[in-house]
Structure formats: structure tokens, C-alpha cells
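Data first, discussion second: the structure below is written as C-alpha cells.
The values are calculated or read from the model by the stated rules, or taken from the named source; none is laboratory data. Worth saying up front: this structure is predicted, and the values here are computed from it rather than measured. Neighbour counts run over all protein chains shown; Cβ positions are idealised from the backbone, glycine included. Remember, those area values only see protein heavy atoms, side chains included, never the ligands or the DNA or RNA. Shrake-Rupley method; radii C 1.70, N 1.55, O 1.52, S 1.80 Å.
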Amino acid sequence: MQVPLSVRAVAAPTPEDLRAAQRLIAANLAPTPVDAGAGTAQDPTLKLESVQPTGSFKVRGALAALAVAPPATRVVTASAGNHALGVAFAAKALGRAATVVVAENASSAKVGRLRRWGVDLVQTGSSYDDAEAYARELAVGGAHYISAYNDPHVIAGQSTIGRELDRQLDGPLTVVCGVGGGGLAAGLGLWAANRPQTRVVGVEAAASRAVSAAVAAGRQVPVAVDVTIADGMAGNIEFGSVTVDLVARYVDDLVTVTEAEILSALCYLAAERGHIAEGAGAAAVAALIAGKITPHGRVVAVVSGRNITLPAVASVLAEHHPIR
């Protein structure tokens, strides 16, 4: 029997949350590199979160959230895969017990890595929405629930990407990132609000537009979610998610990309820049090379993750990258 789930009251990160996350991430993770490129829309600077130890930026928010979770309490989370990997890493680093819930059809690349981390893994349902509902049911029994996006400390952790960019790049910036639940865009937006001449643009897959629909409506609204290679950005968002207000207030624009545009970006990253990315990880680049963003200053695309199987990469390149 399904447990009715209430709307959770989640606060935005405080300035101290942001500072604490910065200290924690600086102490536990090396800054990710930038691949400078030309800094233009067609040849953007790349912030390579794909080189994180878990293969994704999600480890930042996971570390920040687990560090402040109630001691001696098991944490539980739901994920398309990358946040789960981040929680597994953070649990091992901080000596915490964690249960992660993913859909039965979650990316095999991500599930395989989760099993190697030795985390308590639960697979249920056929979508991120199913996994999130089940994880929240588990938390009703006394575990501490950590959302992949609707959590002030997760958002604060993601904001630390911007703090690294402060030291890596000067001058006006347009920072472009993928949007699933909105945690990354919200964190970068909070950072950019205090950095002159800095814009943040969020990119959704056309197959899954939960955040832009919520921003347009002024509240969370259910949306249809289609199959997408950007599985890390697919799914609805929790009712009352704090990311909706933060994105509406601090993110300058939201755009969408098609499956064909994401595939083109995967090919560009691999063949032209030498970087492997998963679908969600390439979304920012997809919007740029498709001409959907008007840049101001240097353009930075966050390559947010690399967790894709090698056969999938080979298939994309074989089918979508022209021989030159």
C-alpha cells in the first residue's frame, strides 16, 4: 500500500550553507578543469564535471547534504543514477549508511558503478518518478531523505562549481547547464547573483520539461516525460520544490534541446574536443551549437557527467558523426 506523501517545506540555501559547502567541497574534491576552447557558442569553454570521481557533478551536492544529515541515521535517496553515485561516494567518505533507489530500467553504466561502490541499492518501478516516490516512502520509516535537487545543501554543493569558475576565468560569463530537477541551475544562479556580468542559462531535454513548466505556471505541474538519451534529466519534480522559485528568480533563461541536437553534441564532444559525455552531460553544449543561446562574454558549458556505456558512445558516433 502506497503511503500518501506530503508536500515538504524545503528552504533555500542560506549564505552560511553556501560557505559551508564551499569549505567542504574544497577539502574533499579537487577543482574540475576547464577546456578553454574559444569561449564562443560554437567553441565553448567546457567546465568538465565529467572528471569527478563519480563521473558527475552530483557528488558535490551529495557531500554537502550528507555532511549535515542527522548522525547515526541512515540516509535514503532516489536518483536516475548520478546522484546515487554521489551519495555512495559521500557515504563512504563520511562513514554514513545509505540506501539509494533507482528505476529498474536505470542506465546500466550507472547501476554497474553503484554495485561496485557496495551501496544498499534498490531498483523499483520504470521511471525516476517511481523511484522518488518509493524512496520517500522508505524515509517515512525513519531514514533521512535527501532529494537529488530539492534540498538546500544539495543546491549549495552544486553552487561550488561557480566558486571554482571565479578562480579559473575572468570577465563576463554566460554559464550554460543542463536542467532536470533544477538543483544545478539553482546553485549556479545563486552564485551568479553575486558575480558581476554573469548570466546562467538552463537547458532541458524537449522530452522532459518539468522545471520550465513549473516556472511558467508559478508552481509544480505534472508533465509528460518521453524517452530521452538524457536520462539524467528525465522526470517530474517534487511538489513544492524550492528549485522552481530559485530558477525563476536567478536563472536568466531556459531553453530546450531535441534528441538530435543532444546526439550532435555528444559527437562534437567526443570527436572535436576529446571528451566522453552522457546525454544529460552534453545538453548545455547541444543548446550552444544549435544556436539557441545568445552569449554575453565568454561562454562556459558545464559538461555535467560521463556515465554512459562505451557501446552506446560507439553507436552514437557510428550513426550520427559523419566521416570526414
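Computed values, structure above
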{"read-out": "For the chain, built as a Gaussian network whose Cα springs stay under 10 Å, the top-fluctuating residue of H144, H83, H296", "value": "H296"}
{"read-out": "Carbon/sulfur fraction of accessible area - region 201-261, other protein chains in place, 1.4 Å, %", "value": "52"}
{"read-out": "Computed lengthening from A27 to R219, 0.36 nm per intervening residue step minus Cα-Cα distance", "value": "65.5 nm"}
{"read-out": "Residues whose placed amide H lies under 5 Å from that of N105, excluding near-sequence neighbours", "value": "none"}
{"read-out": "Gain in span if fully extended, Q42 to Q197, counting 0.36 nm per residue against the direct Cα distance", "value": "53.7 nm"}
{"read-out": "Cleavage-rule hits, trypsin sites (Lys or Arg not before Pro), region 225-320, DSSP coil, Cβ neighbours within 10 Å at most 14", "value": "none"}
{"read-out": "Hz values of 3J(HN,Hα) by residue in region 297-306 - Karplus curve (6.51, -1.76, 1.60), Gly and Pro given as x", "value": "x, 5, 9, 10, 9, 7, 8, 7, x, 10"}
{"read-out": "Surface share of carbon and sulfur [accessible, 1.4 angstrom probe, percent] for region 3-110", "value": "60"}
{"read-out": "Extended-chain gain in nm, criterion 0.36 nm per residue less alpha-carbon gap, H321 and S126", "value": "67.1 nm"}
{"read-out": "Sequence of Y268, Y134 from largest to smallest accessible area, 1.4 Å probe", "value": "Y134, Y268"}
{"read-out": "Of R60, R195, R209, the one that fluctuates the most in a GNM where the chain has Cα springs shorter than 10 Å", "value": "R195"}
{"read-out": "Residue of S159, S107, S241 that the Gaussian network model of the chain assigns the largest fluctuation, springs spanning Cα pairs under 10 Å", "value": "S107"}
{"read-out": "Whole-number accessible area per residue in Å² for region 53-140, which is evaluated in the context of all protein chains at 1.4 Å", "value": "36"}
{"read-out": "Interchain or long-range residues, amide H under 5 Å from T174's placed H", "value": "R199, H296, R298, V299, V300"}
{"read-out": "[x] 15.0; [y] 21.9; [z] 16.4, with the label sought being that of the calculated mean projected area of the Cα convex hull in nm²", "value": "[x]"}
{"read-out": "Approximate spin-label separation H296-A11, in nm, with each point projected 7 Å along Cα-to-Cβ", "value": "3.1"}
